[in-house]
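Enquirer: Provided herewith is a single structure, encoded as structure tokens, for subsequent inquiry.
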Amino acid sequence: SYRPLVLELNVDLGADAVRADVTSALAALLGSGWQADGTPALFNPQRMAFGQPVYASPIVAAVQDVTGVEAVALTRLGFLDRPGAPAPARVPERLRLRAREIGRLDNDPGAPEHGYAAINLQGGR
């Protein structure tokens, strides 16, 4: 069964970064669909497996690689039914799933019950 995920990020943009472009890239990256270049998003079912933990560091690294992003802080990582404490509480390095669970984060504003990413952007233009 699917286990919906929640994550929150603080993202600092470079002075020349276009906020709309970065927002679009992050929405595609932090979802279950496909990115503009045809690669699967981080939570695409092709990347997920039953019982596979969800690790914080690959999420941060992928967001850091988006053009225009200067700094990233993961401030929350949890399950929708237990979203975890907000900062300054310690964000877990991984979320464990049971053998018959798959992490899900569709990041669809029309269906937040399927997992979502909240992104706080600072900087850019």
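Enquirer: Starting from residues that are more than 23 Å from ASP12 (Cβ to Cβ) and β-branched (Val, Ile, Thr), keep the ones in the range 43-102 and report whichever is farthest from the chain's Cα centre (by Cα).
Expert: Looking at the filtered set, the residue picked out is ILE102.
Enquirer: Would you point out which residue out of VAL60, VAL66, VAL72 is under 23 Å from THR23 (Cα atoms), part of a strand (DSSP E or B) and at pLDDT 95 or above?
Expert: Answer to the check: VAL72.
Enquirer: Name the residues in the range 14-40 that are in a strand (DSSP E or B) and open to solvent by 40 Å² or more (accessible area, probe 1.4 Å), would you? Give the steps one after another, and end with the answer.
Expert: The first filter runs over the range 14-40 and keeps only residues in a strand (DSSP E or B), leaving 34, 40.
Selection gives TRP34 alone.
Enquirer: For ALA61, which of the numbered conditions (1) in contact (Cβ under 8 Å) with a residue 40 or more places away in the chain; (2) open to solvent by 30 Å² or more (accessible area, probe 1.4 Å) fails to hold?
Expert: (1)
Enquirer: Considering THR39, THR67, which residue is out of contact with any Phe, Trp or Tyr (no Cβ under 7 Å at 6 or more places or on another chain), free of Cβ contacts under 8 Å to residues at least 12 places away in the same chain and among the β-branched types (Val, Ile, Thr)?
Expert: Going through THR39, THR67 in turn, just one is out of contact with any Phe, Trp or Tyr (no Cβ under 7 Å at 6 or more places or on another chain), free of Cβ contacts under 8 Å to residues at least 12 places away in the same chain and among the β-branched types (Val, Ile, Thr): THR39.
The values are calculated or read from the model by the stated rules, or taken from the named source; none is laboratory data. Values in this document were obtained by computation on a predicted structure and should not be read as measured data. Quick reminder, even Gly has a Cβ in these numbers, built from the backbone with ideal geometry, and neighbours come from all protein chains shown. Just so you know, the surface numbers come from the protein's heavy atoms only, side chains and all, with ligands and any DNA or RNA stripped out. Shrake-Rupley method; radii C 1.70, N 1.55, O 1.52, S 1.80 Å.
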